[in-house]
Amino acid sequence: MILEPLTVPGRPDAVTQLMDYVAFAAAAAGLDEQRTYRLCLAVDEIATNVVNYAYDRGRVTGELTIAADQTDDGLVVVLEDSGAPFDPREAPAPGDLDRPLEERKEGGLGIYLALWGVDDLRYERAGGVNRCTFVVTL
C-alpha cells in the first residue's frame, strides 16, 4: 500500500480529513472494524489536542501532516505538527475513571484513549516537528 502523505491546516474542521485518510489506510491494510475504530480514535484525539492547544483552535498558523505505511506486521500511521513539544505518553492517566462523569476533572481522557487504542504510540521531536507514530499490528 502506498499512500501519499496528507497535509491539512491546523484547524478543527480539517481533522475530519485526517480521519478519512486513516480509515482508508486501515481498510487497505485489512484492519477489522474494531481496530480501525480504535486507530481512528487515537489519531483523532491527538490531532484534536494539537489543534485545540498547540494551534489555539486554528487561531495559530500550523499544519498537520499524516502518512501511513503497511508493514509485514501491521499498519503504521505518522502524525506530525509544528506546535510546542508535547509527548502524549508523559501525560498522567486520569485517576478518576470510576467516578461519575460530573465528578471527574476535565482533561486527560483523550490521551488515555489514544494510548489504549493502539498497540504502540511513539513520540519524537526533531527539527521543530512533533512526530507521533501509531502502530497497529495485524
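FYI, it's all coordinate maths here, none of it is from the lab. Small disclaimer: the values here were computed from a predicted structure and weren't measured. Note that each Cβ is placed from the backbone with ideal geometry, even for glycine, and that neighbours are counted across all protein chains shown.
Worth pointing out:
- Distance between modelled label sites at residue 7 and residue 52, nm, 7 Å Cα→Cβ extension: 2.6 nm
- Residue exposure sequence - 32, 44 - by fewest surrounding Cβ within 10 Å: 32, 44
- Global geometry of the stretch 6-137, whether rounded, prolate or oblate, following the gyration tensor of its Cα atoms and the 1.5 cut on a/c: oblate
- Estimated FRET transfer efficiency (residue 137, residue 20; beta-carbon r; R0 25 Å; 0.05): 0.65
- Positive-end ranking of 114, 48, 58 along the dipole of the stretch 6-137, with charges on Cβ about the Cα centre, is headed by 58.
- Cut-off of 10 Å, at most 10 other beta carbons, DSSP loop: longest stretch of the chain lacking such trypsin sites (Lys or Arg not before Pro): 1-58
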